[in-house]
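Contents: one structure, followed by commentary.
Here, each number is a calculation from the coordinates, and none is a lab measurement. Keep in mind that what you see is a predicted model, and the values were worked out from it rather than measured. Glycine gets a Cβ as well: all are built from the backbone with ideal geometry, and neighbour counts include every protein chain shown.
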Amino acid sequence: METPKVFESEYRFCLILWEHEPIKSSELVKLCKEQLGWKPTTTYTVIKRLSERGVLKNENTIVSSLISKDEVQASEIEEMVEKTFEGSLPAFVAAFTKHQKISAKEIDEVQKMIDRYRKGEL
């Protein structure tokens, strides 16, 4: 199943949801007003829209996610690599490392991930 698209403002909303779920919609409205400056109608509209797309559920005024932060992030990265680098992970890594300093610790972490992947542990 494909992960539903979550747009930028919706992602900021989801960050709040993931941190506090399950949460009453009225509490979510308060948090969105405090953290995002949203009006209640905006929050309820986003809840409805994300519910219709299968990102979250709102049952008896309790809102909880149906997809995780990791799933949304992975989907965004896959889309960007496909669209921007024609699906080439090496091209993405080359572009990223060309303009971003990477510490020895980060390189070691990436190497460990590659090693685990090769062993079938991921």
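For region 97-108, enumerate the residues that are exposed (fewer than 11 other Cβ atoms within 10 Å of the Cβ) and in a helix (DSSP H, G or I). Before the answer, list the steps.
Pass one, region 97-108, residues exposed (fewer than 11 other Cβ atoms within 10 Å of the Cβ): 98-101, 103-105, 108.
Within region 97-108, K98, H99, A104, K105, D108 qualify.
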Just a yes or no: is a residue in region 19-32 within 30 Å of V110 (Cβ to Cβ) and within 18 Å of the chain's Cα centre (by Cα)? yes
Flag if S51 is of a type in the set (S, T, Y) and not in a helix (DSSP H, G or I): no
Residues in region 21-40 that are among the β-branched types (V, I, T) and not in a helix (DSSP H, G or I) total 1
Tell me whether region 65-77 contains one or more residues that are in contact (Cβ under 8 Å) with a residue 24 or more places away in the chain, within 15 Å of S25 (Cα to Cα), assigned to a helix (DSSP H, G or I) and out of contact with any Leu (no Cβ under 8 Å at 6 or more places or on another chain). no
Do we have T84 as farther than 28 Å from E19 by Cβ and hydroxyl-bearing (S, T, Y) here? yes
Please specify each residue of region 69-91 satisfying the condition of being closer than 17 Å to F7 by Cβ and surrounded by 12 or more Cβ atoms within 10 Å (Cβ to Cβ). K69, E71, V72, Q73, A74, S75, E76, I77, E78, E79
